[in-house]
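Remarks on the structure that follows.
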Amino acid sequence: MPAEIATRAAPALAVEGLSYAYPNAGPVTKSMLSPSEGPNMTFALRDVSVTLSAGEFALLAGRSACGKTSLLRAACGLVPHFHGGEIEGSVHVAGLDAIASGPGELAAVVGYVAQDPETQIVSTTVAAEIELPLEMRGDPPASRARAVEEVALALAIPHLLGRTVDTLSGGELQRVALAAALVTRPKLVLLDEPTSQLDPVAGDELIWLLRRLNEEWGVTILLAEHRLERCLAAADRVIAMDSGTIVFDGSPRDFLAWAQRADTALETPAARLFSLAGIEPLPVGVRDARAILRAHEVEPGQGPRDGGPPAETCEPARSAPSPSAERGFRTGDPRPSAPTTAAEVQNLWVELRQGDEPHDVLKGIDLRIERGETVALMGRNGAGKSTLLRTLAGLAKPVRGKIKVSGEMALLTQNPSDYLVRERVGDELPGDGGLVALRVVGLEHAIDSDPRDLSGGERQRLALAIALAGRMDGDEMPYLVALDEPTRGMDRARRNDLVDLIEGLAARGAGVVVATHDVEFASVFAERVVLLGAGVVIADGSAAEVLSGGWYFATEVARILDLPGTITPEQGAACLGWEQPR
Amino acid sequence: MRSPFAYTPRPGPLQAASPGAAAAYLGALVAVAFLYSNPLVLAAVGVAAALAGYSAGAGAAVRVALRMGLTLALLIVAVNALVVSRGDTVLLRLGEVPPLGQVDITAEALGAGAVIGLRAAVAMLVFAVYSACVDPDRVLRALRPLAGRSALTASLISRLVPVAVADAARLRDAARLRGPAAAPLGRAALLRRLMAGSLDRAVDVAATLELRGYALTRLDAARGGGPGHVRMRFKNLPQNLRARLAAPDTLRGAASSVGQMALPFGLPASYPRSVRHSPVAHAGSKSRYDGRFYCVGAAVLIAAIAGMILGADSFHAYPAIEIGLGAGTVALSALIVLAGFAPRRRDAR
C-alpha cells in the first residue's frame, strides 16, 4: 500500500501502553514504569491507551494535573522530544511514530494550540505567523498564499491578516494560533484549554468553529477543557483522566452518568440540575436539556406543566439569600463606626493608548461597592474590567471623575506568579504582618516552602497574601479586595476553594470585586454582578437577576430554564419542583 | 503600551517595498551621515529621514526618535566640551576640574560635539524609520536561507523583546501592589524575576517554533533504542534552563542557556533544505516600489561619493570652525532632502 494511502487509513491518534515521567520527577526504574505498579505520582502518564478515529471530536476531561496536557504533548511530539524525560509505549499520529519523529516532522499531520496564545505566536504580523509552518515545510509562495487565504477565510479572520500580533485581542490571537495550527491541513488538531482566557462569546464561537472544521474538513479534534458545559454538546466522545490514567472513555451522555457517580467535580451545571431534579437522561447541552424537559412536559420559560410548581412559585429563588449567606460564611459585619462603603467611583473616564491613538476605555462609570459585598465584574474581552480594577488600585490615572476608596485596597492581578520573587514563602512575607496575611489565606503551614513548589491554587493564595500583607487591621480585611480573572485554567474543585476564600474575605468585612469571564463561578460566589460593555455599565444587579437575563452572560441553568432569577442547579431543581435545594 | 518604533503595517511604498530595497534606501542615508561631517549635509539627512518617516506614516516614531536623538546629541556636546579643550575660541575657563584637569570650554569643541551628536541623532532617526516601516518578518524570511541560526536568534529576540517589555510592566505593577508588610523588592530581585520569566517564555516560544517545523528530530543519538515498547531517556532543554536560573550566577547561566537554545535549531540540521534551495521561495517579497528605492538610494550614494571627491564635505572644527557651504554642498543637501520624499505615494501628491 502506498505510504500516503496508508497514512490516510491509519487512525488519527493511536496511543498504546504509554507511560511517561518528566525529567524532574525523581529517579525512575524500569519496574516503576510498569503499569502494574499502581498509582505513582511521579508519572504524568501511566499506561495510557487510546485510539482516535479520523474525523472524531473528542473532549479530554479531568481535574488539574491529571495528565491532559502531557497526553497532548505526547501526541504532538513535544513529549519527549522537547520536555525530555522517560517514556514507554507507543504513540502514532496518522501512521507516524511520534516517539521516533520529532515535533517538526509531526507538524505535517498534527496541529497544537496551547492555553496561552501569547506564548505560541512567533512572528510580527498575522499573515507571517500563519504562513510560517508552510515556509518551514518548503512550500512555494503561491501555494502558501492560497493556504493562508483559505484558512483565514475558514476562521473568519481575513481582516486580521495585515495586522501585527500585538494589536490583537485574546480571542483574535487564539484564532490566529488555531489558523497557524490548521494551515498545513493536519489530520489531528490538539487544543489545550483554548477558551480559558476568552470571554463567553469568544469561547462559544471557538468551540463551534472547531465543530464546523471537524465536520467540513474532517479534522480530528482532541480538546482538553475544564469548562465542560461549554463544549460537551460539540463532542462525539469524552475521555476522562485521573492521575495520569484514562478512567473513562465513552459518549458525552455516558460521561455525565459516570461523573455523577465517580467525580461530581466534572459534572456540568445542566447535569447537576437534572440529577437534583431526578430527571433522566442527563443532558449534554442546553438544546438537549430543553428537549428532555419538553419530553417531561416542561416548557422552558414556563416551568413544569404537571407535577411541579408553576414558574411564579420560583419567586423565592429570585430573592434567595446570597450564596455566601447560604453557606454561613458571613459571620460578622464591619465595625458599626467604620464606613460601610468600600469604594465609590463617579463619572469615571479612563483613556489608554491602543496602537497609535488614545481611546476611552472607561466612559463615565458610576459604581459603589459596600463592605462585605461580593461583586462579579463581567463583560467581554476589552470591556474595561481590568482597567477599572487597575484604576481603583491607582495603577491607571483617570482623565475625569472621582474615585474614593474608603481604606486600604488589595489587588491581585491576572498572573499571581508576578508577585512571587523570592525562593521561600517566609522571605516573601517576613514578620508578624506577613504571618497574619499567610494565616488569612490558610498558608501558614507553607512558610518554609519554595513558592515554585506550591500548587497553582496555593501560589494564587500566596500572591493574595502578599497583596494583603500590612493592609489589615488585626483580623479585619482591607476595605476592598479585587481579583482579576482568578479562575483561568482552574478546575471546579479549585474554583470551589477560591469561592470559600472569597466568602471568607467578605465575611471579615472586605468588599470583594472579581473580574471574571466565568459565569458559573460568578453565580456561586457573587451577590451582585456588574456587566460592562465597551467601557460603560450595561447591567448592575443581583447575580440572579443579571445572570438569568441574557444568553452569553447567563449560566447554563438559566439558559435551559429561562426563568428569571434561576441561575444555579439548586435553584433550578427547586423551580422544577422535583427536589428542594440542599 | 505599544512602542512607537514597533512595525505597523500601512499601505505605503516603504512598507510595501522589499526589505532589500528599503535597506538600500535607508542605508544610503545612514551611509551619508557617516561619510560626511558637514553639518548642512547631516541636517539634510535628518530632514530626509524625518520626511521619509512622515511620508510613510511613522510620525510618532520620528517624533520620539528626534526627542531621544537630540537629548543624546546634547549629552555628546556637553561631554565633548568638557573633555576636549582644543580650539582657538575659549568661551569659558573652568580651571582645574578633577579628574579632567584644566578645562576650557571652546566654541570649536562645542561645534565638533554638535556634529558628532547630530550624526548620532540622524542615525537614530533613520533606524527609527526602518524599525517602524520595515516588516521584520520579511527581513527574517530574507535572512533565513543565508543565515538560519542568526535568523532564529533574531526571531526569538524580535518576539521576546516586546514580551519582556510587557512582562517588565506587569512585574512593576505587581511590585507596586505588594502590601506594606510584604518584603520590599529591589531592582536586582525584579531583574532576576524578569530574567527567569523571560527564559520561561523563551522555552514556550522555542516549543512553538519546533511545532511550526523549525527543528527536525535530533535526538536519535540520545535514544536508548528504537520506537515501540521500550524505555527511552530523553534530554531535557527546559529543565536545563531552569536549573541554570536557580544558580546564583543567573546572568551567566541565562546567556549560556540562550546559546543552548539556539544550537539545536541551527543550520544545517534544522532548516528545511527545500527552502534553502528554492529559487522561487522569496518571489513574493518583491514590490513595484523596489525600483524607486534602489534608484533613490543609489543616486544619493553616488552623489555623496562624487561630492566628497569634489570637496563638498569641507568641515573643520579645529583650530577654528570652518564650514564649506559651496554650491556642491548645497546641491548635495538639496538632493538628499528630495530623497526624503521617496516614500510618498504618487497619488497623494
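The values are calculated or read from the model by the stated rules, or taken from the named source; none is laboratory data. The structure presented is a predicted model; accordingly, all values stated were derived computationally and were not measured. For neighbour counting, all protein chains shown are included, and Cβ atoms are generated from backbone atoms with ideal geometry for every residue, glycine included.
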If the requirement is being out of contact with any strand residue (DSSP E or B) (no Cβ under 6 Å at 6 or more places or on another chain), surrounded by fewer than 20 Cβ atoms within 10 Å (Cβ to Cβ) and either facing chain B (nearest Cβ under 9 Å) or in a helix (DSSP H, G or I) (or both), which of these qualifies: A:ALA108, A:ALA156, A:ALA128? A:ALA108
Taking the range A:111-122 only, how many residues are facing another protein chain (nearest Cβ under 8 Å) and not in a strand (DSSP E or B)? 7
For the structure I just gave you, tell me whether A:GLU503 is acidic (Asp, Glu) and more than 26 Å from A:LEU198 (Cβ to Cβ). yes
Checked against (1) outside any helix (DSSP H, G or I); (2) more than 7 Å from every other protein chain (Cβ to nearest Cβ); (3) over 27 Å from A:GLN197 (Cβ atoms), A:SER143 satisfies every condition except (1)
Residue ID - surrounded by the fewest Cβ atoms within 10 Å (Cβ to Cβ), chosen from residues in the range A:460-480 that are of a type in the set (A, V, I, L, M) and out of contact with any Gly (no Cβ under 7 Å at 6 or more places or on another chain): A:MET472
Taking helices (runs of 4 or more DSSP H) that do not extend beyond the range A:200-308, which have at least 2 residues that are closer than 26 Å to A:GLY67 by Cα? A:200-217, A:228-231, A:252-262, A:269-277
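With the requirement that a residue be surrounded by fewer than 19 Cβ atoms within 10 Å (Cβ to Cβ) and not polar (S, T, N, Q), what does the range A:138-152 give you?
If the condition is that a residue be surrounded by fewer than 19 Cβ atoms within 10 Å (Cβ to Cβ) and not polar (S, T, N, Q), then A:GLY138, A:PRO140, A:PRO141, A:ALA142, A:ALA145, A:ARG146, A:GLU149, A:GLU150 are the ones that fit.
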Hey, A:GLY89 hits all of (1) on the phi > 0 side of the Ramachandran plot; (2) more than 8 Å from chain B (Cβ to nearest Cβ) but one; which does it fall short on? (2)
In the range A:424-437, which residues are within 26 Å of B:LEU191 (Cβ to Cβ) and more than 8 Å from chain B (Cβ to nearest Cβ)? A:ARG424, A:VAL425, A:GLY426
Report yes if A:ASP473 is more than 20 Å from A:HIS226 (Cβ to Cβ) and modelled with pLDDT under 90, otherwise no. yes
Can you give me the number of residues within the range A:92-105 that are part of a loop (DSSP other than H, G, I, E, B) and on the phi < 0 side of the Ramachandran plot? 5
Single match in A:ARG439, A:ARG452 (criterion: surrounded by fewer than 24 Cβ atoms within 10 Å (Cβ to Cβ), among the basic types (Lys, Arg) and under 26 Å from the mean Cα position of the chain (by Cα)): A:ARG452
Does at least one position in the range B:44-65 carry a residue that is surrounded by fewer than 20 Cβ atoms within 10 Å (Cβ to Cβ) and not in a helix (DSSP H, G or I)? yes
Meets criteria (free of Cβ contacts under 8 Å to residues at least 60 places away in the same chain and under 28 Å from A:GLY138 (Cα atoms)) for A:LEU161: yes
Matching entry among B:LEU14, B:LEU35, B:LEU26 (being in contact with a Pro (Cβ under 7 Å, 6 or more places away or on another chain) and in contact (Cβ under 8 Å) with a residue 60 or more places away in the chain): B:LEU14
Selection from the range A:57-86 of residues that are within 14 Å of chain B (Cβ to nearest Cβ) and not in a helix (DSSP H, G or I): A:GLY77, A:PHE82, A:HIS83, A:GLY84, A:GLY85, A:GLU86
